[in-house]
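Each remark here refers to the structure printed beneath this line.
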Amino acid sequence: MEDVVLVDENDNRVGCINKIDAHLDGDYLHRAFSCFIINSKDEVYIQQRAQSKLLWPGYWSNSYCSHPRPDEEISHAVMRRAEEELGIVINEEPKFLYKFQYKEKYKDVGYEYEYELCHVFIVFTDSLPMENPEEVSAGFFINIKDVQEYINNNEEFCTPWFKKEWADILQNYFDKLY
């Protein structure tokens, strides 16, 4: 299993830890990213996480998300994971929007946490996803103007970071989606 980058609250690297350990113990703040793919029809790709995922399996989420490897630039990680999860080759630099910190507990298990400093990106492409079934169960494109309604109608089936990020994008970054 890969390591993730431990960071302080200012996103300064303070070490590395095994990815599973970082997610099972909520005390390890680590670097992550989320990306929204937007096509020329002003549609956002959203995905249903694979049932084999440790946290939030089967939940609907943003286009894709993951963690940079130690010593990997985060924008490179965004490009790498697009190909690994969705079979999409990104040929231009992903557009950074903002970063935020969150801590969420999955279900009532008491030990499965995510404690991440998440960098949010968007990528513009008309490439069609070819989902990796180990990562994604399903996915579809939805008009940018309909994403919030989809979240509202399916709130209990959406990941917490997807809901938070989209709310932040609507409030502060919506003009960057076009």
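Contact map, segment 162-177: residues that are over 12 Å from Gln148 (Cβ atoms) paired with residues that are open to solvent by 50 Å² or more (accessible area, probe 1.4 Å) and of a type outside the set (Ser, Thr, Tyr), Cβ distance under 8 Å, separation 6+ or inter-chain. Pairs shown: Lys176/Lys95; Leu177/Asp42. Taking (1) open to solvent by 40 Å² or more (accessible area, probe 1.4 Å); (2) of a type in the set (Phe, Trp, Tyr); (3) closer than 12 Å to Ser61 by Cα in turn, Trp166 satisfies each apart from (1).
Would you confirm whether or not segment 95-104 contains a residue that is at pLDDT 95 or above and surrounded by 18 or more Cβ atoms within 10 Å (Cβ to Cβ)? Yes: segment 95-104 contains one or more residues that are at pLDDT 95 or above and surrounded by 18 or more Cβ atoms within 10 Å (Cβ to Cβ).
Report yes if Glu149 is at pLDDT 95 or above and more than 23 Å from Ala50 (Cβ to Cβ), otherwise no. Yes, satisfied.
The criterion of at least 1 residues that are more than 18 Å from Tyr45 (Cα to Cα) is met by the following strands (runs of 3 or more DSSP E) wholly inside segment 73-178: 95-105, 113-124. If you go through segment 57-82 and keep only what is out of contact with any Lys or Arg (no Cβ under 9 Å at 6 or more places or on another chain) and open to solvent by less than 40 Å² (accessible area, probe 1.4 Å), you end up with Asn62, Ser63, Ser75, Val78, Arg81, Ala82. I need a count of the residues in segment 2-47 that are in a strand (DSSP E or B) and over 30 Å from Asp126 (Cβ atoms). Number satisfying all stated conditions: 12.
The values are calculated or read from the model by the stated rules, or taken from the named source; none is laboratory data. Computed from a predicted model, the values in this text were never measured in an experiment. Cβ atoms come from the backbone with ideal geometry, glycine included; neighbour counts cover every protein chain shown. These area figures cover heavy atoms from the full protein model, side chains too; ligands, DNA and RNA do not enter into them. Shrake-Rupley method; radii C 1.70, N 1.55, O 1.52, S 1.80 Å.
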